[in-house]
Amino acid sequence: MTSVAGLVLAAGGGRRYGMPKALVEYEGSLLVERAVRTAAAVCDPVLVVLGARAVDVWRTADLDGATVLANRDWETGMASSLRTGLDGLRGWPGVVDAALVQLVDMPGMTPAALARMAEHAAPDALAVATYDGVRGHPVLLGREHWAGVVATATGDEGARRYLAGRAVTEVDCTGLADPADLDVPPGGVPSAP
């Protein structure tokens with residue numbers, strides 16, 4: 001059986017949003033709690049990478065069942081969180097074949113979309129979810145690619161540079177999840193817990 005880890009990237013400061021998105025309440029729970037629950041429905045283990053106001057997130061959010069990793073370089077962009085998470089998985093005590101990378105600011109992500117992606121999990125897998133033909137998240141990274149992703153991820157690009165020019169399986173998740181992210185608060189006013 002293939003082991004698929006969930007990797008939730010939740011370290012950003014939410015500059016455009018006005019606060020770290022991990023602390024944003026959405027329909028009765030924090031975004032980071034929603035992302036961890038969604039990942040845990042499909043993946044084992046689940047790792048969540050925190051950065052901005054990490055102690056506040058850790059104290060406030062219900063992250064039961066997830067392993068929390070701290071990204072000290074979170075201000076340099078999403079790539080540092082991806083590196084932190086993949087480095088954590090490379091040192092994981094059990095064998096993990098692939099990681100499903102999920103962003104904290106996508107409250108419409110569902111276990112159904114993650115499960116469809118997980119069907120493609122393998123140590124050599126590279127897959128990306130598509131919605132109406134447009135690439136989005138989650139992204140599935142097989143273990144054999146982790147070192148390459150870590151070596152090439154910079155700024156806010158994440159795995160984009162590594163994936164460019166490689167054979168990447170596009171997995172149609174249209175209708176399984178809402179791929180929209182929360183870049184700015186509804187009505188332009190941040191909501192804090």
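Every number in this text was worked out from the coordinates using simple rules, so none of it is lab data. Every value quoted in this text rests on a predicted model; they were computed, and no experiment measured them. When we count neighbours, we look across all protein chains shown, and the Cβ atoms used for this are built from the backbone with ideal geometry, even at glycine.
Points to keep in mind about this one:
- Gyration tensor verdict on the stretch 11-81 (Cα atoms; rounded if a/c is under 1.5, prolate if a/b is larger than b/c, oblate otherwise): oblate
- The local environment of residue 3, defined by Cβ-Cβ distances under 12 Å, has a net charge of -1 under the rule Lys, Arg +1 and Asp, Glu -1.
- Gyration tensor (alpha-carbon) shape descriptor, the stretch 58-99, a/c threshold 1.5: oblate
- For the stretch 4-179, relative contact order (Cα pairs under 8 Å, six or more residues apart, normalised by length) works out to 24 percent.
- Here the stretch 117-179 and the stretch 19-45 have alpha carbon centers that stand 20 Å from each other.
- Positive dipole terminus of the chain, leading residue within 76, 113, 138 (C-beta point charges): 76
- For the stretch 1-110, the Cβ-based charge dipole about the Cα centre amounts to some 280 debye (Lys, Arg positive; Asp, Glu negative; other atoms uncharged).
- Over the residues of the chain, the helix contribution to mean residue ellipticity at 222 nm works out to -7000 deg cm²/dmol, using -39500 (n - 2.57) for each DSSP H run of at least 4.
- Cα Rg, Dmax (largest Cα-Cα span) when computed across the stretch 1-120, Å: 13.3, 42
- Within the chain: Cβ-based charge dipole about Cα centre, in debye rounded to nearest 20 (Lys, Arg +1; Asp, Glu -1): 420
- Overall form of the stretch 75-135: oblate. Here a/c, set by the Cα gyration tensor axes a ≥ b ≥ c, is 1.5 or more, and a/b is not larger than b/c.
- Note on the chain: dipole from Cβ charges, positive end direction compared against 148, 177, 125; the farthest Cα belongs to 148.
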